Amino acid sequence: MPPLITSADNTVPITVQQRTSVAPATAFRLIVPIDLSRVFHRVAPFPGVKGVENQTEAWDHVGPTRNPQFDDGSQANEQLTEYTKGSSFAYQLTGFTNILSRLAAGVRGEWNFNPDGDGTLIRWTYEFKPLPGRRWILAGPFTPFWRRYMRAALARCVQVIEAEKSDS
């Protein structure tokens, strides 16, 4: 599958980051296969993830696909497009059946797990490829709402990581 986003595209990137006290390789190992419904909860106006269907393979190398199912009845197509064990992974989402289908051709998501003292700085970027004439919506009124959604999901990811650490 060709990349969704190229250097010629005028995208809208939104990035959030948070620190955790675990090592990058551990944070990576816990986040990559995480149950999306544990961390992607509804944050109005966006739906939560209720589950995943049609996953083709383990989410541990380039190529697998799946369909995240949202709690409003919509879904998307997701493919893992990059995977560097212990440090980063990226995916693209297309085929949204919700409002995003009217705003973006798709999204490239990227997670980076960087050393930060004894812990990790997790940086997550969602890069929207706007449909013609829709960039202003994504770059303007949409951005603060989506950033809030991402911050909430990342905070829950860090809670999962920290809980696993305390269980070890």
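Looking across region 12-31, the residues that are surrounded by fewer than 18 Cβ atoms within 10 Å (Cβ to Cβ) and in a loop (DSSP other than H, G, I, E, B) come down to 21, 23. The residue pairs whose first member lies in region 133-151 and is farther than 25 Å from residue 122 by Cα, whose second member is assigned to a helix (DSSP H, G or I), and whose beta carbons are closer than 8 Å, counting only pairs six or more residues apart or on different chains, are 134/102.
In region 63-77, of all residues being part of a strand (DSSP E or B) and without any contact (Cβ under 8 Å) to a residue 24 or more places away in the chain, the one that is nearest to residue 108 (Cα to Cα) corresponds to 77. Within the group 53, 82, 57, which residue is under 18 Å from residue 37 (Cβ atoms), without any contact (Cβ under 8 Å) to a residue 60 or more places away in the chain and not aromatic (Phe, Trp, Tyr)? Answer to the check: 53.
The residue pairs whose first member lies in region 105-126 and is touching a residue at least 24 places away in the same chain (Cβ under 8 Å), whose second member is among the small types (Gly, Ala, Ser), and whose beta carbons are closer than 6 Å, counting only pairs six or more residues apart or on different chains, are 110/90; 112/88; 113/27; 113/87; 119/21; 120/27; 126/109. Taking residue 143, is it in contact with a Phe, Trp or Tyr (Cβ under 6 Å, 6 or more places away or on another chain) and at pLDDT 95 or above? Considered against the rule, which asks whether it is in contact with a Phe, Trp or Tyr (Cβ under 6 Å, 6 or more places away or on another chain) and at pLDDT 95 or above, residue 143 comes out as no. On the stretch given as region 116-164, residues that are crowded, with 16+ Cβ neighbours inside 10 Å and farther than 21 Å from residue 89 by Cα total 8. Out of the residues in region 88-115 meeting the condition of being of a type outside the set (A, V, I, L, M) and surrounded by fewer than 16 Cβ atoms within 10 Å (Cβ to Cβ), tell me which one is nearest to residue 21 (Cα to Cα). Ranking the qualifying residues of region 88-115, first place goes to 115. In summary, residue 60 fulfils each of the numbered conditions (1) more than 16 Å from residue 146 (Cβ to Cβ); (2) of a type in the set (D, E, K, R); (3) assigned to a strand (DSSP E or B) with the single exception of condition (3).
Screening residue 42 against (1) under 16 Å from residue 159 (Cβ atoms); (2) surrounded by fewer than 16 Cβ atoms within 10 Å (Cβ to Cβ) leaves a single unmet condition, (1). Residue count for region 1-39 under the criterion of being within 19 Å of residue 101 (Cα to Cα) and not hydroxyl-bearing (Ser, Thr, Tyr): the result is 8.
Residues in region 4-20 that are hydroxyl-bearing (Ser, Thr, Tyr) and at pLDDT 95 or above: 11, 15, 20. The single condition among (1) outside any strand (DSSP E or B); (2) under 24 Å from residue 155 (Cα atoms) that residue 52 does not satisfy is (1).
Within region 86-104, the residues that satisfy the criterion of being touching a residue at least 60 places away in the same chain (Cβ under 8 Å) and farther than 20 Å from residue 15 by Cβ are 86, 94.
This table checks each residue for (1) more than 14 Å from the chain's Cα centre (by Cα); (2) among the hydrophobic types (A, V, I, L, M, F, W, C).
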site	(1), (2)
5	yes, yes
8	yes, yes
11	yes, no
19	yes, no
22	yes, yes
26	yes, no
36	no, yes
43	yes, yes
74	yes, no
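The values are calculated or read from the model by the stated rules, or taken from the named source; none is laboratory data. A quick note: this is a predicted structure, and the numbers were derived from the prediction, not measured. A quick note on method: Cβ atoms are made from the backbone with ideal geometry, for glycine too, and the neighbour counts reach across all protein chains shown.
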